[in-house]
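A.B. asks: I have a structure here, written as structure tokens, and I will follow up with some questions on it.
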Amino acid sequence: MREWHIIRGRDPDLDASDITEFSGPLLAAGLIVLTVGLLPLIGTRITDHGDDAIFGPLIGSFALAAVCTTAIAWLLTIVICGMIVLIVYRVSPRVASATTEQAVRASFHRISDMTSTITLVALISGLVSLAIGLPGLSSSDQETSVLEELLSAQVACLLLALVFGFTAEAIRTAAEILGSQVQAIAWLGALVITTIAYYLAATAGPFEPIALTRNLLTDWLPADVDGVPRAEIIADALPRSARAWAAGAILPFVGVTWAFTAWRTGELAKLRNSIRDAD
């Protein structure tokens with residue numbers, strides 16, 4: 001009873017800014033869960049009510065190819081930054097190796113924690129998506145069931161989320177390695193090096209995303225899809241201009257991820273203050 005009288009005797013202080021600060025992160029988290037849950041459901045409904053049988057395999061193949069390309073870009077970023085510290089700044093091999101190894105271990109642990117979180121979010125949103133959307137979908141006797149399409153699309157959302165995570169970690173790891181020698185331009189250098197690593201991974205070698213997506217679709221789809229040859233469907237879904245579009249999207253993608261990562265870690269404010277002090 002004493003606690004009840006204390007609560008009744010208090011005058012609640014209602015502040016709109018406090019409510020916004022409290023509800024903002026919760027709404028953002030709910031929006032992420034809702035998005036990850038709704039995207040597979042929307043894609044499956046498109047496939048269910050239309051004849052676009054390539055939608056699920058295309059999204060899944062592209063997500064897997066994007067993760068492969070991003071992981072290679074992450075490794076290339078680490079190697080390039082380590083070589084810059086070793087050659088340009090003339091640091092001893094032992095110190096350069098220790099600095100790079102420390103940054104890679106920290107990045108690997110962050111990726112592991114992030115993967116666990118994303119997996120849990122994808123699982124929860126996937127269960128909600130299945131509970132809401134599965135009864136409303138028509139049953140089919142095709143080779144791929146509706147349930148399998150939903151789960152495949154859910155995994156694709158998980159992989160696409162990992163693409164953003166690997167990109168952010170590539171930028172952050174590059175900034176940590178470069179920051180061991182020059183703190184002023186570490187994040188700007190990380191932006192340049194990550195962009196170069198992404199272009200190398202996305203335009204050369206076996207991890208070029210569009211070529212890898214074509215190979216995955218060739219192995220995924222049957223020889224004929226609704227009477228249309230597989231090669232023709234893949235050519236329509238991935239025209240020759242797709243590679244140019246993918247290469248052109250790298251710069252804005254890395255730039256937006258760099259800005260978000262720098263803002264979240266507080267480095268963007270430090271960089272802004274450094275430029276203001278220099279002026």
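Quick note: the coordinates plus some simple rules give every number you see, no bench work behind them. Worth saying up front: this structure is predicted, and the values here are computed from it rather than measured. No Cβ is skipped: glycine too gets one built from the backbone with ideal geometry, and neighbour counts run over all protein chains shown.
A.B. asks: Under 13 Å from the Cβ of Ala246, count the other residues' Cβ atoms, weight Lys and Arg +1, Asp and Glu -1, and hand me the total.
C.D. replies: Net charge around Ala246: +2.
A.B. asks: Shifting gears a bit: Residue by residue through the stretch 100-114, which ³J(HN,Hα) values in whole Hz follow from phi under the Karplus form 6.51 cos²θ - 1.76 cosθ + 1.60 (θ = phi - 60°), with glycine and proline marked x?
C.D. replies: 5, 5, 5, 5, 5, 4, 4, 5, 5, 5, 5, 5, 4, 5, 5
A.B. asks: Right, another one. Give a residue-ordered list of calculated ³J(HN,Hα) values for the stretch 86-91 (Karplus: 6.51 cos²θ - 1.76 cosθ + 1.60, θ = phi - 60°; whole Hz; x for Gly, Pro).
C.D. replies: 3J(HN,Hα) across the stretch 86-91, in whole Hz: 6, 8, 6, 8, 6, 7.
A.B. asks: If you filter the stretch 55-92 for chymotrypsin sites (Phe, Trp or Tyr not before Pro), then keep DSSP loop positions with at most 15 other Cβ within 10 Å, what is left? Show your work: numbers first, answer last.
C.D. replies: Numbers: sites: Phe55, Phe62, Trp74, Tyr89; in loops: Tyr89.
Loop-located and lightly packed - Tyr89.
A.B. asks: Further question: Given points 7 Å out from each Cα along the Cα-Cβ axis, report the Ser23 to Thr203 separation in nanometres with one decimal.
C.D. replies: Rounded to a tenth, the inter-label distance reads 4.8 nm.
A.B. asks: Let me ask another. What trypsin sites (Lys or Arg not before Pro) does the stretch 218-279 have in DSSP loop regions with at most 16 other beta carbons within 10 Å? Provide the component values of the computation, followed by the final result.
C.D. replies: Numbers: sites: Arg230, Arg240, Arg243, Arg264, Lys270, Arg272, Arg276; in loops: Arg240.
Passing both the DSSP loop test and the Cβ count: Arg240.
A.B. asks: Taking every pair of Cα atoms in the stretch 143-276, average 1/r, invert it to obtain the Kirkwood radius, and report Rg/Rh to two decimals.
C.D. replies: Details: Rg = 19.4 Å, Rh = 17.5 Å.
Ratio of gyration radius to Kirkwood radius for the stretch 143-276: 1.11.
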